[in-house]
Amino acid sequence: MEKDITTNIQRSENIDFGSLVNKAPEMLKIDAAGMYGSWISNEYEEQADIYTCKLTLIEKAENVENMNVKVTFKFNGTVDLWVYGKFENNKLSIPAQYINDGANIKIGNVDLGSKVGFFGFKFTDETTGNLNLLQDDFVLSINDDGLLVIDDDKKFDGWFMRIDEGQYAGALDFAIRPEFGKANGSMAGLHVLGKDNVTEINIPVYVNDEEGDISVFGHVGELRIKLTADKDAGTFEMSTEQNVKRTSKKMQDEGYGDFYHIYGVNSENKWSKDVTIKGTWADNVITFNQDTKEDFSGVYCIGTNVDAQGSFYWMGYFANIVVNYSGSVSGISNVTTDTVKKDNRIFNLSGQQVGKDYKGIVIKNGKKMIQK
């Protein structure tokens with residue numbers, strides 16, 4: 001089920017980036033308020049500073065007894081796996097159940113030949129990965145920062161999808177202490193896998209902007225990318241020195257390294273770690289430099305290390321990318337800049353007034369910042 005492809009290092013020479021469509025598709029309209037809509041689950045691995053970011057849809061459930069929401073996880077970005085739950089009083093409760101209404105699951109061309117159960121779990125020994133599956137409702141709550149997080153009672157460490165029987169019996173997917181950020185923007189542009197294999201992307205993302213230190217969660221490949229904006233100058237840079245995803249053990253054994261990285265494209269049309277990706281920032285719109293025959297500073301590639309034979313795994317090139325998070329990010333539209341400037345009041349992302357002792361992301365004088 002590995003979707004990445006192995007290619008030769010010289011393949012970038014066959015792509016004329018300057019001939020690509022010079023315009024990103026029209027951006028998605030993102031409603032960042034309310035419970036329903038697109039959420040991005042962020043599972044953090046602190047040691048490597050990487051996130052796994054699954055697109056998750058929360059919709060109104062129809063004709064399901066005692067449940068009012070349907071939660072759909074986009075497995076590998078392509079396969080829908082759904083469960084039902086109840087949302088009330090800022091809490092989402094998901095009981096143990098068979099996913100997809102109890103149907104046998106098929107992933108790509110692989111028929112698992114089994115039902116798949118959804119459970120909350122608690123580690124008995126996190127170092128060995130031993131855990132207990134729990135029959136109690138798995139509970140998430142919306143916190144003061146507007147994130148959907150595991151409830152504060154520490155009863156659960158995450159959720160687990162288990163294949164019941166057959167040759168694939170065991171874990172299908174799981175998440176350890178995930179956080180869900182409500183999509184507050186969209187990412188559009190071109191995904192380039194070859195000279196004749198160029199597709200438009202237009203996907204919801206969750207953008208966290210901490211005074212110019214910007215993380216975009218939900219990038220193609222279930223990734224987070226980081227960049228730094230100089231808002232006074234109206235520019236940004238994205239370093240290639242960042243890990244974005246772990247490789248499989250098989251790939252590590254074959255010499256491709258532990259992580260996928262970001263690479264730029266140099267003046268010779270070859271991908272390189274020595275290139276900084278650049279673009280402009282204005283009013284919460286991030287525009288990567290449009291590629292030309294002379295300037296590839298806005299084009300980047302995601303791939304592994306190169307092995308001794310000059311091969312690598314990759315996820316393709318990304319060109320003409322625009323990230324737009326200029327809309328309202330939560331229910332704070334009733335807080336105007338003029339009002340805040342007059343009395344320096346502080347608000348959390350739910351629009352509630354808080355004091356100087358409050359810790360987290362706040363709105364003060366019309367600007368979003370971290371208060372520690």
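The values are calculated or read from the model by the stated rules, or taken from the named source; none is laboratory data. Since we're looking at a predicted model, the values are computed, not measured. When we count neighbours, we look across all protein chains shown, and the Cβ atoms used for this are built from the backbone with ideal geometry, even at glycine. Ligands, DNA and RNA are excluded from the accessible area calculation, which covers all protein heavy atoms including side chains. Shrake-Rupley method; radii C 1.70, N 1.55, O 1.52, S 1.80 Å.
Quick notes on this one:
- When the C-alpha to C-alpha distance is required to be over 26 Å, the pairs from 115/182; 54/91; 29/231; 154/249; 29/270 that qualify are 115/182; 154/249; 29/270.
- Inter-site label distance for residue 44 and residue 122 at 7 Å from Cα along Cβ, in nm: 2.4
- Just the protein heavy atoms count here, and of the accessible area of region 245-313 at 1.4 Å, carbon and sulfur take up 46 percent.
- Inter-part distance where region 152-171 and region 58-124 are each reduced to a Cα centre, Å: 12
- Under 5 Å, built H, 5+ apart or other chain: amide partners of residue 205: 184, 185, 186, 187
- Across region 170-287, Cα-Cα pairs farther apart than 24 Å form 37% of the total.
- Under Stokes-Einstein, with the Kirkwood radius over Cα pairs as Rh, the value for region 106-233 at 25 °C and 0.890 mPa s is 136 µm²/s.
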